[in-house]
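Read the structure below first, then the notes.
The values are calculated or read from the model by the stated rules, or taken from the named source; none is laboratory data. Bear in mind that the values here come from a model prediction, so they are computed numbers and not experimental data. FYI the Cβ positions are ideal-geometry reconstructions off the backbone, even for glycines, and counts take in every protein chain you see. Protein only, heavy atoms only, side chains kept; ligands, DNA and RNA dropped before computing areas. Shrake-Rupley method; radii C 1.70, N 1.55, O 1.52, S 1.80 Å.
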Amino acid sequence: MKITPNDPPRTLTAAEIEAILPHRSPFALVDKITDYTPGQWARGIKCVTRTEPFFQGHFPGRPIMPGVLILEALAQTGAVAALSLPENQGKLALFGGVKSARFRRQVVPGDVLTLECELVEQHGPIGIGKATAWVGNERAANAELTFVITDA
């Protein structure tokens, strides 16, 4: 499977993402889906601002977005792809595991994080997504994410 952009792109606003995912502030980490194909892949953005609650303690005077939250934003992006299938409507996508996570660039206030997750394998309710986060043309992080689709 390869990410092939749609023409025109399929987009989702924050309100439309809320209809798919149960996450709410401060844990809703995807601001917009810029394109996706249900059951296959999704691309979204997270605008990182200095008012994010996690910056109060990570780190005062040198704010850096925690890597685990970058992974969570990637997982939420992949969950949009998985849960936008009609048969998964109203279900939850839960983390099953993280493999081969690499953090390559610090993410700081003012960055726009582009989030991509391609669903590469699924066996019943268990699946694997290959995910990458970008700031501009620089890779910020990548990982293989395992997820489980379950009833809400």
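When you look at T77, is it among the polar types (S, T, N, Q), at pLDDT 95 or above and either over 24 Å from A14 (Cα atoms) or within 10 Å of the chain's Cα centre (by Cα) (or both), yes or no?
Here the answer is yes, as T77 does meet what is asked.
If you go through the range 126-152, how many residues are open to solvent by 60 Å² or more (accessible area, probe 1.4 Å) and either modelled with pLDDT under 95 or of a type in the set (D, E) (or both)?
3
Can you find, within the range 80-98, the residue that is nearest to the chain's Cα centre (by Cα) among those that are under 13 Å from P22 (Cα atoms) and open to solvent by 40 Å² or more (accessible area, probe 1.4 Å)?
Selected residue: L94.
Which residues, counting only those in the range 45-96, are among the charged types (D, E, K, R), in a loop (DSSP other than H, G, I, E, B) and in contact (Cβ under 8 Å) with a residue 24 or more places away in the chain?
Across the range 45-96, the qualifying residues are R50, E52.
Report the residue count in the range 1-12 for those that are open to solvent by less than 70 Å² (accessible area, probe 1.4 Å), in a loop (DSSP other than H, G, I, E, B) and either in contact (Cβ under 8 Å) with a residue 60 or more places away in the chain or closer than 14 Å to I45 by Cα (or both).
1
Could you say whether any residue in the range 101-120 is under 27 Å from A152 (Cα atoms), of a type outside the set (S, T, N, Q) and open to solvent by 70 Å² or more (accessible area, probe 1.4 Å)?
So far as the range 101-120 goes, no, none of its residues is under 27 Å from A152 (Cα atoms), of a type outside the set (S, T, N, Q) and open to solvent by 70 Å² or more (accessible area, probe 1.4 Å).
Condition test on A101, is it within 17 Å of P22 (Cβ to Cβ) and in contact with a strand residue (DSSP E or B) (Cβ under 9 Å, 6 or more places away or on another chain)?
When the stated conditions are applied, A101 does not pass them.
For L29, work out the one condition from (1) in contact with a helix residue (DSSP H, G or I) (Cβ under 9 Å, 6 or more places away or on another chain); (2) open to solvent by less than 20 Å² (accessible area, probe 1.4 Å); (3) not in a loop (DSSP other than H, G, I, E, B) it doesn't fulfil.
Evaluating L29 over (1) in contact with a helix residue (DSSP H, G or I) (Cβ under 9 Å, 6 or more places away or on another chain); (2) open to solvent by less than 20 Å² (accessible area, probe 1.4 Å); (3) not in a loop (DSSP other than H, G, I, E, B) leaves (3) as the failure.
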